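The structure appears below as structure tokens.
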Amino acid sequence: MKELWYKNAIIYSLDVETFMDSDGDGVGDFPGLTNRLDYLSALGITCLWLLPFYPSPNRDNGYDVMDYYNIDPRLGTLGDFVEFMHQAGERGMRVVIDLVVNHTSNQHPWFLAARSDKNSRYRNYYVWSENPPKTDPEQLMFPDVEDSIWEYDEQANAYYLHHFYKEQPDLNIANPAVREEICKIMGFWLELGVSGFRIDAAPFLIKGIGIEGADPEHMQAFLTEMEEFVSSRQSNAVLLAEANVDPDQIPIYFSKGDRMHILFNFLLNQYMFLALARQESSPLRDGLKILPDIPPVCQWLNFVRHHDELTLDRINSSKRKEIFAAFAPDETMQIFGHGIRRRLPPMMGGNRRRIELIYSLLFTLPGTPMLRYGEEIGMGDDLSLEGRNSVRTVMQWSDAPNGGFSTAASDDLARPAIATGEYGYKKVNVAAAQRDPDSLINWMDRAIRIRKQCPELGRGKWHILETDSPAVFAHCCDWEGRTVIAVHNLADKPCTATLKSNEYTHLFDLFGDRIYESLAADSPSIPLEAYGYRWFRVNREQY
Ligand code: NOJ
């Protein structure tokens, strides 16, 4: 039986390449990350999600893998990885790694063999066509660079399928040999102690595009096979799927609790930004209401931002325009026609109260919260960098050159540091933030401490609470006879929200944007500052 540890985890996503460089070559590495585990554990992080660290030509930030059984030599060795895993375990931290198997790099030996020999056993590892259909623009993941999902390969004398860059040929999951390879890869990393995998591009993996006679049931059944394999090797390991899909598609991934355990909550994320743009709670309520019920072992992973664009492709274009107008008015801040390539603090004009409100939502919305490196100190973006690289600058540790990330010359960094301006490392860095009792990191520290004491939020049954105030989002989570209520004012004006039900009395403040006067035992009226938020436990005795 699963322990469901992920239901009350605090997940932190990072890219080893941009986190901490230990040897001054300009590239973050495993020894650097290992040295920072105390920092992460002190922040209250219980699980790390590592972006791909495999050998890669790096056409797509490591999401183009050349060797699934190794570490990119720039980031360290397998020995460094094992040492890192040991040290993470010593601190009680779990590690989930990216599994990128919708596609390989075009430099992967399987692809090299497949394209050069029609009779190679690897030929059928990929999806080929002699006469592919025209690409529908909706199928393009990177419409700024690619205009087709089929690329002609002269050596193979055929077209191969690639949903992402042409350097990322799609694997053929209908082929049992490919399924076996994928399980073998998972088995390898499970032996090295990881607690699960983030399944990259899950919808594409099971789509079956271009595969003759592909049966949807058979394609989707691979998700069950993956779960069976992983659980047989390590009962508590999880599969966390990147599946940005419409609500009616979600059951494909969770099924009866025997496929993916966790899904990124892309839908709620998009509705949350609409609610923020409008300063109204109704989109957030809608976002929660459209989510289907999920099996008891399954979970949502809530996030504010991650390493890609903030995608707004699940809401209609007029709603998207509202969000663009509020948070990314300049075209240079947008990408792919439906995304925003900014970090949160600049999107919010640096408004600390509003930023706190958003992270308070992150920590209380039903599900497990995920932070991305740098969010805890309010790092900004660099729009002068190409595409999604704007949000992939290096971690800012101190006001030393390169933000303390590396002693290399700044021109030699794998990715640039933000050196100047409001978000430059002189102003925004871990060392300065830790010295300042009012910093965002010290706020996060408290928020995480309280969140961990509220398992109701991750494990409980939730429902929305009606109030008389359209700007206020209030919800309630019950678990094992205990109840937590969170109330958020999305507007820039103070208000008093009155709960319509008087079912909840004796609300005891756990956390908030300031110290409020305690509510009278039977009062359903809750004062809130502009962008104010309060978390309560129902019944003082339960504290
Ligand atoms: C999703 C990843 O998050 C993104 O960065 C990548 O480009 C695509 N999958 C392709 O692997």
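The values are calculated or read from the model by the stated rules, or taken from the named source; none is laboratory data. Small disclaimer: the values here were computed from a predicted structure and weren't measured. Here the Cβ is made from the backbone with ideal geometry for all residues, glycine too, and neighbour counts use every protein chain on show. Surface areas here come from the heavy atoms of the whole protein model, side chains and all, with no ligands, DNA or RNA. Shrake-Rupley method; radii C 1.70, N 1.55, O 1.52, S 1.80 Å.
The tail of the calculated P(r) for the range 482-543 beyond 13 Å holds 58 percent of all Cα-Cα pairs.
Summary of packing: across the peptides 95-103, 384-392, the per-residue average of other C-beta atoms within 10 Å ranks them, highest first, as 95-103, 384-392. Taking the C-alpha atoms only, the angle from helix 216-233 to the longest principal axis of the chain is near 80 degrees.
All C-alpha pair distances within the range 63-154, sorted into 10 Å bins from zero, spread as 13, 31, 29, 18, 9, 1 percent across the bins. Restricting the calculation to Cα atoms, the range 353-411 yields a radius of gyration followed by a Dmax of 14.5, 44 Å. When the chain is described by a simple charge dipole with +1 on each Lys and Arg Cβ and -1 on each Asp and Glu Cβ, the residue from Y6, M379, Q87 located farthest towards its positive end is Y6.
Please list the equivalent ellipsoid semi-axes of the range 110-222, computed as the square roots of five times the alpha-carbon gyration tensor eigenvalues, in descending order and whole angstrom. Before the final figure, lay out the partial values.
Values: eigenvalues 117, 62, 41 Å².
With the √(5λ) rule applied to the range 110-222, the semi-axes are 24, 18, 14 Å.
Gain on full extension, evaluated as 0.36 nm per residue between D478 and T420 minus their Cα-Cα distance, stands at 16.3 nm.
Given +1 on the Cβ of Lys and Arg, -1 on the Cβ of Asp and Glu, and no further charges, what dipole in debye does the chain carry about its Cα centre, rounded to the nearest 20? Don't skip to the answer; put the middle values down first.
Details: 54 positive and 77 negative charges, 310 e Å.
Approximately 1500 debye in magnitude.
Normalised size of the range 48-94, defined as Cα radius of gyration per 2.2 N^0.38 Å with N residues, equals 1.23. Here the range 285-364 is described by how far its Cα atoms reach on the three principal axes: 42, 29, 23 Å, from widest to narrowest. Averaging over all projection directions, the Cα-based convex hull of the range 402-543 occupies 11.4 nm² in the image plane.
Helix 176-191 and the long axis of the chain differ in direction by around 50°, with both axes built from C-alpha atoms. Contact order for the chain, expressed relative to its length and based on alpha carbon pairs under 8 Å spaced 6+ residues apart, stands at 12 percent.
Accessible surface for the chain, divided over its residues, is 38 Å² per residue with a 1.4 Å probe.
By the equivalent-ellipsoid construction on the alpha carbon gyration tensor, the chain comes out with semi-axes of 39, 27, 23 Å, ordered largest to smallest.
Under the criterion of Cα pairs below 8 Å and six or more residues apart, the relative contact order for the range 237-283 equals 38 percent. Taking the inverse of the mean 1/r over every pair of distinct Cα atoms in the range 33-112 gives a Kirkwood hydrodynamic radius of 13.6 Å. In summary, the range 237-386 shows an alpha-carbon radius of gyration equal to 1.03 times the 2.2 N^0.38 Å reference for compact globular proteins. Relative to the longest principal axis of the Cα atoms of the chain, helix 266-278 runs at roughly 50 degrees. Relative contact order (percent) for the range 410-475, with alpha-carbon contacts under 8 angstrom and 6 or more residues of separation? It rounds to 12 percent for the range 410-475.
Shown here are the Rg and Dmax of the Cα trace of the range 173-255, at 12.9, 38 Å.
What's the ranking of 225-231, 43-49 by average number of surrounding C-beta atoms within 10 Å, highest first?
Numbers: 225-231: 18.1, 43-49: 20.7.
Order by mean packing, descending: 43-49, 225-231.
Ranked by the mean number of other Cβ atoms within 10 Å of their residues, highest first, the peptides 528-535, 51-58 fall in the order 528-535, 51-58.
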